[in-house]
Amino acid sequence: MREVLWGVFIGCFLASMSWAGEGPFRLWSPAFGEGERIPVKYVMPGAGGENLSPPLRWEGAPPGTRSFAISCHDPHPVARNWVHWLVINIPASVHSLSQGASQRAMPPGAVELVNSFGFKGYGGPMPPPGTGDHPYVFTIYALKVKELDLSGRLSIARFREALAPYLLGEATLTGYFSR
């Protein structure tokens, strides 16, 4: 009986740790899973969509996280790391973004940078027809600083370089789209 009670205690303890944010840092979307097709409403109007930023959720941020940043880029050889979304200064208390949050319902303090389309905010998939599936890599970055001072149009390499000195961890979600 004592072993059973001990097992129940350990199970409850471990379950409570996962509720407290312990465990792997991970990013997911209720709209599509890892490796799945991105629904049309999240793509650019030119590709038949509404250009809504997808809902995103994350958990398990490393200890000491003071803010988050997000990127979305397309590493397909045709796209050459086209930047679809860059966000900085998301407060550490935030663990999700709702559908369509870009330019409408971002957390206070969050700053959206200029994407490769040339405007601030989310620019959804719009791969050239006939180029096959393009991967859209969403990344959440846990940072040890509350705010970054970045502006303008950055490549994904330059964005990651600017975050590197403050990076505590990152997690990715990749969705696909083609036309």
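The values are calculated or read from the model by the stated rules, or taken from the named source; none is laboratory data. Keep in mind the model is a prediction, meaning the values are calculated, not measured. Every residue, glycine among them, receives a Cβ derived from its backbone with ideal geometry; neighbour counts consider all protein chains shown.
Descriptive notes on the structure:
- In the stretch 41-108, counting only strands (runs of 3 or more DSSP E) that sit wholly within it, the ones holding 3 or more residues that are over 11 Å from the mean Cα position of the chain (by Cα) and touching a residue at least 12 places away in the same chain (Cβ under 8 Å) span 82-91.
- In the stretch 157-170, residue nearest to H73 (Cα to Cα) [restricted to those that are over 15 Å from the mean Cα position of the chain (by Cα) and without any contact (Cβ under 8 Å) to a residue 40 or more places away in the chain]: R158
- Within the stretch 41-51, being closer than 17 Å to S116 by Cα and surrounded by fewer than 21 Cβ atoms within 10 Å (Cβ to Cβ) holds for M44, P45, G46, A47.
- Test: residue in the stretch 75-96 that is modelled with pLDDT of 95 or more and surrounded by fewer than 11 Cβ atoms within 10 Å (Cβ to Cβ): yes
Yes/no matrix, rows are residues, columns are (1) touching an Asp or Glu at 6+ places or on another chain (Cβ under 9 Å); (2) at pLDDT below 95; (3) surrounded by 12 or more Cβ atoms within 10 Å (Cβ to Cβ); (4) over 24 Å from A162 (Cα atoms):
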| position | (1), (2), (3), (4) |
| --- | --- |
| V8 | no, yes, no, yes |
| G11 | no, yes, no, yes |
| G35 | no, no, no, yes |
| S53 | no, no, yes, no |
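- Residue in the stretch 115-138 that is among the hydrophobic types (A, V, I, L, M, F, W, C), crowded, with 17+ Cβ neighbours inside 10 Å and over 21 Å from P45 (Cα atoms) present: no
- Any hit, the stretch 154-175, residues being part of a loop (DSSP other than H, G, I, E, B), of a type outside the set (D, E) and modelled with pLDDT of 95 or more: yes
- Scoring L173 on the criteria (1) in contact (Cβ under 8 Å) with a residue 40 or more places away in the chain; (2) surrounded by fewer than 21 Cβ atoms within 10 Å (Cβ to Cβ) leaves a single failure, condition (2).
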